[in-house]
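Accompanying notes for the structure given below.
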Amino acid sequence: MGIRIYGHPFSSFTWKALIAAYERDVSFEFCMVDSDHPENLARMSELSPTGQFPALVDGDRQVTQSNSVIEYLDRFGSATPMIPDDRDAALDARMLAYVFDSYVSVPMQHIVGEALRPKGQQDQGRVAEFKAKLDKSYAWLSRRPGAGWANGYSFSIADCAAAPALFYADWVHPIPSGTLKSYRTRLLDRPSVARAVDEARPYRAFFPLGAPDRD
């Protein structure tokens, strides 16, 4: 049956897996997880402890959690691997992927989560707290990318994580002009990332804070 990737095109963590698959030119079937595809919702609940996507199925092999999916995809294709061969570069790439996931994507998602609450139940104090966390992450990350990719070597798992994290974070709490903002622009110019952005466009109405006209 080949590789199947379960997720949703507007999901930041699904983007990570898709970007890696596009980078390595891996053929796969995309299985949309939404209310219009109840069979995929049911399957996702079996593949992940919490039903969160993405997940990958390849024959009897089942892989959940976006970073693990990316590592699995390195088995296919001939492009530069998302986990670098050099041990130090691999360590940097994995570390930065977790930084983008935990210290950019998570605060961003909490801010979006507050916006999804009814007006009278939104906690602006929590919003301010998570924006402050993003400011700290922006400052730390601004010292990292330079003129290249996140780990300073090649496009990697770190950039797969950075692309959706910075894409959406800039919507909820704009990234200041400078190194990190320029890095976000470079990411959006990458064909694999641009493809993920385009595939997510039809779902921008889902964004509770109002999706900006710009990318």
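Listed values, structure above:
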| quantity | calculated |
| --- | --- |
| Qualifying residues in segment 158-215 (those that are without any contact (Cβ under 8 Å) to a residue 24 or more places away in the chain and among the hydrophobic types (A, V, I, L, M, F, W, C)) - the one farthest from residue 69 (Cα to Cα) | 205 |
| Lone unmet requirement of (1) part of a loop (DSSP other than H, G, I, E, B); (2) surrounded by 15 or more Cβ atoms within 10 Å (Cβ to Cβ); (3) out of contact with any helix residue (DSSP H, G or I) (no Cβ under 7 Å at 6 or more places or on another chain) for residue 34 | (2) |
| Set 99, 112, 69: member being among the β-branched types (Val, Ile, Thr), more than 22 Å from residue 186 (Cβ to Cβ) and at pLDDT 95 or above | 69 |
| Unique match (being at pLDDT below 95, touching a helix residue (DSSP H, G or I) at 6+ places or on another chain (Cβ under 6 Å) and of a type outside the set (Phe, Trp, Tyr)) among 107, 208 | 208 |
| Any hit, segment 7-21, residues being of a type in the set (D, E, K, R), in contact with a Phe, Trp or Tyr (Cβ under 7 Å, 6 or more places away or on another chain) and not in a loop (DSSP other than H, G, I, E, B) | no |
| Lone qualifier among 58, 92, 86 - being at pLDDT below 95, more than 18 Å from the chain's Cα centre (by Cα) and not hydroxyl-bearing (Ser, Thr, Tyr) | 86 |
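The values are calculated or read from the model by the stated rules, or taken from the named source; none is laboratory data. Everything quoted here is computed from the prediction, not taken from an experiment. Cβ: placed from backbone, ideal geometry, glycine included. Neighbour counts: every protein chain shown.
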